[in-house]
Amino acid sequence: MSGFGTGGDQVDGQVTSVRAEETSDELMEDATSVWRLAMQRFFRRKLGVLGLVIVSTLAIIALTAPIIAPYDPIQQLDRVEGSDVARRDAPSSEHLLGLDSNARDQLSRIIYGARLSLPLGVSIVLVAIMIGASIGAIAGYFGGWLDTILMRMMDVILGFPALVLAIAIAYVLGNAIQNVLIAVAVVTLPQYARVMRASVLSIKEVDFVAASEALGASPWRMLRTRILPNALTPLIVLGTLGIAGAILEAAALSFLGLGAQPPTPEWGSMLAQEYTLIRTYPHLVIYPGLAIMVTVLGFNLLGDGLRDALDPSLNE
Amino acid sequence: MIAYALKRIGTALPVLFGVVVAVFLLPRVVGGDPCRAVLGPRATAVSCQQFAEANGLDQPVFQQFLTYMGNILRGDFGESIKFSRPVMEVLFERLPLTTELALSALLLAIAIGIPLGVAAARWHNSPVDVATMAFANVGVSMPIFWLGLMLSYLFAVVLGDTWLALPPTGRFSAGLAPQPFYEVWGWTITDTSFGGGLLRFLSRFAIFNTLISAQWAELKDGLQHLVLPTVALSTIPMAVIARMTRSSLLDVLGQDYVRTAAAKGARQPRVIRRHALRNALLPVVTIIGLQLGALLGGAVLTETIFSLAGIGTALFDAIDTRDFPIVQGFTLFIASTYVVVNLLVDLSYGYLDPRVRLQ
């Protein structure tokens, strides 16, 4: 292109003059069309849309669980008077996914499991983003020794294999679902801290930020109006992918007996209770695991799709 | 290179120290009563007093930390409550199995993941590419404890009567106990000597042991038992490696020097092998190092599913029986291994690619 310098300059000049005539309304439209373009890019990719469909379906299942679940997920059906079911009944037209070792309807338990795993995954990521992004913003904005100390702490967390640290934390806190939230949120903090810190550092150098600082904008205002909008894209993408990872790790912790406790209908803990029976009652193992996989896959596909749509620079 | 190595070691040491501090502080920050956590909720005040004195819990935290640090540097990780033996002893008894499992899973992940990624990039947007990406997407979404169960159901029950049948649990079939290689060779070792301990440690690497002592039936059996856990454990790293290889190679294939190579008349396989792959694999090396974390975490789940007596099951049992010293010691050991391996990966990366050293 350098060979055509003059021509290029002329074109640039025209573009600049057009820009100068734009009113602020048109600029606003520009900003929305960025999102519209991103939407268009997103819906062109089949896999991302598939992810969206999976996640929305699961969300609807979770929201309507009490209506669509055919049975009570906790009730032991062989104790109901006049019932002719037995423990571990194979799938039938009455019980599409069969009964578990306590004669509970497995389909209902899996449906109710979505009610637990989805909000859990989302809350883990929200907590991790809130804390992680604050740490990253503070580290990047103030710099110096504070930056060093905070980011070294993040390095230490990354020094552990994620699941092993989550096991240690959940173990020390005690077996409960809210401790899974804390454990998984802690091990995933650093990635959000790093993204936020990088956004803050890159934006600190830009002139318009220096200008607003010179005009007396408070750090809080700078964060809200300048830094957060710029960090939003990577945080949304990382966060969506993070939900997938969080659900997987939470299920693993529950499988190890550190998370949800029976009789709570949680997929990982359902597997933990029945996995030794796989040779004789495979239906008790196949479906809860399938539920985990489909959920995680949905969030992974959605996250990938969002990344492609929101950050075209990452496209191959 | 030396300056780079020193700098990289300089960042790894604080992390390693931080890991020790974190593992030390974890139970103390969280609070609760360590005595009743360890001895059970019905421990008496007197036994708690003795427990606190025996473990130095009546001393200031800083003093406790110095003691802890000193013990660790001397290789003393405390004593397991359940086994009444040093944690270190349990660790070294269990380490060979986990090492064999993790290494074979890593090898499988590399051996299949890289060619898959190369094929996907070579035939970009072809069915091969689509299939690889589908595998990669499903692979990273796989709860490996469930995959392990499905594999053992498929190969031990569904295909149980065919030649494809594979054993679902354990390290060897019942009744088959390979002798340690030193016994096969007629060596007598004393129980306490360092050399004896080392030989015993080496003999617990089942494949290595049966191979060098020519116990072929045991070797075959041991390998068969290793197949399913290895496949289960390798799935996530394999998916990640395939994905990384693909995107990295696509990136390199778009560069000018690759076009130059093609313009000179080099055929596509040669361009990939001689020119593109070497550069494309560098980021893959880093990813492989990071996968060790997934392998070590995954080993806990895989070993549990397949009833293998490795580090993972020891940790799982310790969670169940609330054997705190094991949980603490093993966590520290696994994390330190992870930090050190990633340091080594970074150093080799810097050695392979001079640009890294200058960043």
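Counts of other chain beta carbons within 10 angstrom of each beta carbon in peptide B:146-154 average 5.
Each Lys and Arg Cβ is given +1 and each Asp and Glu Cβ -1; about its Cα centre, segment A:42-149 then shows a dipole of about 520 debye. For an R0 of 41 angstrom, estimate the FRET efficiency from the Cβ-Cβ distance between B:L223 and A:L201 and round to the nearest 0.05. It comes to 0.20.
Each Cα pair under 8 Å and six or more residues apart adds its separation to the average, and for chain A the resulting relative contact order is 24 percent.
Could you tally the net charge around A:A139, taking each other residue with its Cβ under 14 Å from the Cβ of A:A139, Lys/Arg +1 and Asp/Glu -1?
+2
First check a/c for segment B:296-351, with a ≥ b ≥ c the square roots of the eigenvalues of its C-alpha gyration tensor; if it is under 1.5, answer rounded, and if not, answer prolate when a/b is larger than b/c or oblate otherwise.
It is oblate, given that a/c is not under 1.5 and a/b is not larger than b/c.
Among A:A103, A:A137, A:A128, the residue with the largest mean-square fluctuation in a Gaussian network model of chain A, with springs joining Cα atoms closer than 10 Å, is A:A103. Taken about its Cα centre, chain B carries a charge dipole of roughly 1580 debye when the Cβ of each Lys and Arg holds +1 and the Cβ of each Asp and Glu holds -1. If one takes the longest principal axis of the Cα atoms in chain B, at what angle in degrees, from 0 to 90 and to the nearest 10, does the Cα axis of helix B:144-153 lie? It works out to around 80 degrees. Against the main long axis of the alpha-carbon atoms of chain B, helix B:277-305 sits at an angle near 40°. Per residue of A:144-157, other chain Cβ atoms within 10 Å of the residue Cβ number 2 on average. The simple spin-label model puts a point 7 Å past each Cα toward its Cβ; for A:L63 and A:R44 those points are separated by 3.0 nm. For the segment B:331-337, counting C-beta atoms of other chains within 10 Å of every residue's C-beta and taking the mean gives 4. Placing R0 at 22 angstrom, the Cβ-Cβ distance between B:N279 and B:A134 gives a FRET efficiency of 0.25 after rounding to 0.05.
Just check the protein assembly as shown against the gyration tensor rule for me: Cα atoms, a ≥ b ≥ c as the square roots of the eigenvalues, rounded for a/c under 1.5, and otherwise prolate or oblate depending on whether a/b exceeds b/c. Rounded, since a/c falls under 1.5. Once the chain from B:V184 to B:R355 is taken as fully extended at 0.36 nm per residue, the excess over their C-alpha distance is 56.5 nm.
What is segment A:225-287's relative contact order, in percent, from Cα pairs under 8 angstrom and six or more apart in sequence?
Once normalised by length, the contact order is 19 percent.
Dividing the summed -39500 (n - 2.57) terms of all DSSP H runs of n ≥ 4 by the residue count of chain A sets its mean residue ellipticity at 222 nm at -24500 deg cm²/dmol. In the elastic network of chain A, a GNM with C-alpha springs shorter than 10 Å, the most mobile of A:V164, A:V127, A:V180 is A:V164. Taken about its Cα centre, segment B:128-284 carries a charge dipole of roughly 900 debye when the Cβ of each Lys and Arg holds +1 and the Cβ of each Asp and Glu holds -1.
Centre-to-centre, using Cα atoms only, segment B:45-107 and segment B:192-245 are separated by 26 Å. Compute the Cα gyration tensor for segment A:92-157, then decide on rounded, prolate or oblate, letting a ≥ b ≥ c be the square roots of its eigenvalues: rounded whenever a/c is under 1.5, prolate when a/b is larger than b/c in the other cases, and oblate in all that remain. Prolate is the answer for segment A:92-157, as a/c is 1.5 or above and a/b outweighs b/c.
When the charge dipole of the protein assembly as shown is built from unit charges on Cβ atoms (+1 for Lys and Arg, -1 for Asp and Glu) and taken about the Cα centre, the candidate among A:P91, A:Q178, A:L297 whose Cα reaches farthest toward its positive end is A:L297. Estimated from the Cβ-Cβ distance and a Förster radius of 51 angstrom, the FRET efficiency linking B:S348 and A:S56 is about 0.70. Across the options B:A121, B:V339, B:L223, the greatest Cα extent toward the positive end of the charge dipole of chain B (unit charges at beta carbon of Lys, Arg, Asp, Glu) belongs to B:A121. Spin-label model, A:S212 to B:D76: label points 7 Å out along the Cα-to-beta-carbon direction sit 5.8 nm apart.
Relative to the longest principal axis of the Cα atoms of chain B, the long axis of helix B:2-30 lies at roughly 40 degrees.
Using the Cβ of B:T190 as centre and a radius below 15 Å, the other residues enclosed give a net charge of -1, where K and R count +1 and D and E count -1.
Note on chain B: with a GNM built from Cα contacts shorter than 10 Å, the maximum mean-square fluctuation among B:A43, B:A276, B:A174 falls on B:A174.
The Cβ shell under 10 Å around A:P70 holds other residues with a net charge of -3, Lys and Arg each +1, Asp and Glu each -1.
Quick note: the coordinates plus some simple rules give every number you see, no bench work behind them. Everything numeric here is computed off the predicted structure, so don't read it as measured data. Note: ideal-geometry Cβ built from the backbone for every residue, glycine included; neighbour counts use all protein chains shown.
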